[in-house]
1. Listed residues G26, G13; which is small (G, A, S), over 14 Å from I119 (Cα atoms) and surrounded by 11 or more Cβ atoms within 10 Å (Cβ to Cβ)?
2. Which pairs do you get when a residue that is assigned to a helix (DSSP H, G or I), found in the range 25-44, comes within reach of a residue that is among the aromatic types (F, W, Y) and exposed (fewer than 12 other Cβ atoms within 10 Å of the Cβ), reach meaning Cβ atoms under 9 angstrom, with the pair 6+ apart or on two chains?
3. Does the range 90-114 hold any residues that are surrounded by 13 or more Cβ atoms within 10 Å (Cβ to Cβ) and either more than 16 Å from the chain's Cα centre (by Cα) or of a type outside the set (A, V, I, L, M, F, W, C) (or both), and which are they?
Amino acid sequence: MKGSSQDGAIVVGWLTKLALVVAVIGFLGYDGVSIATAHVSASDRANTLASEAADDVRQSHDINKSYLVIRAEAEAEGDTLAPKDFQVSSNGNVTIILGHKANSLWMDHISAFRHFLSIRATGTGAPAS
C-alpha cells in the first residue's frame, strides 16, 4: 500500500507540471494567434473596402466623399485610414492601406514586441462591371 500513495503523489505532481506548461504555452501563444488573425481580418477588410470605394468613386466621381465614407467604415471596425493611404488610379481601381492594432495579453507591455501588434493591410478593388 505504501507504494500506491507515492504513485498518486507522482501523478499529481506530473499533472500539475503539465497544466502549468499548457497554461504558459496558451498565454504566450494567444498573442501569436491574435496577430495572425488580425492580419487575415485586416487584409480581408482592406480588399472589401477598396472594392466598395471603387464602386463609390465610379458612381459619384467624388474621391473625397468616397474616402470619407470608407474611412468611417474602417474606423467603425477599429482600423485607421490616412488620406495618403487611399489612392485611385486612372482606370478606377482603388488601393487602400489600413492600419490596425492586434489585441495582446503581454506583447503590448514589452516595448521590443509592440511593433508586431501594428498591422498594415493593403487592399485593391476594381469597380464592378
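1. Of G26, G13, the one residue that is small (G, A, S), over 14 Å from I119 (Cα atoms) and surrounded by 11 or more Cβ atoms within 10 Å (Cβ to Cβ) is G26.
2. F27/W106; L28/W106; Y30/W106; D31/W106
3. G92, N93, V94, T95, G99, H100, K101, N103, S104, D108, R114
Throughout, read-outs are computed from the coordinates displayed, never taken from laboratory work. Model, not experiment: these values are computed from the prediction. Positions of Cβ are generated from backbone atoms using ideal geometry, with glycine treated the same way; all protein chains shown enter the neighbour counts.
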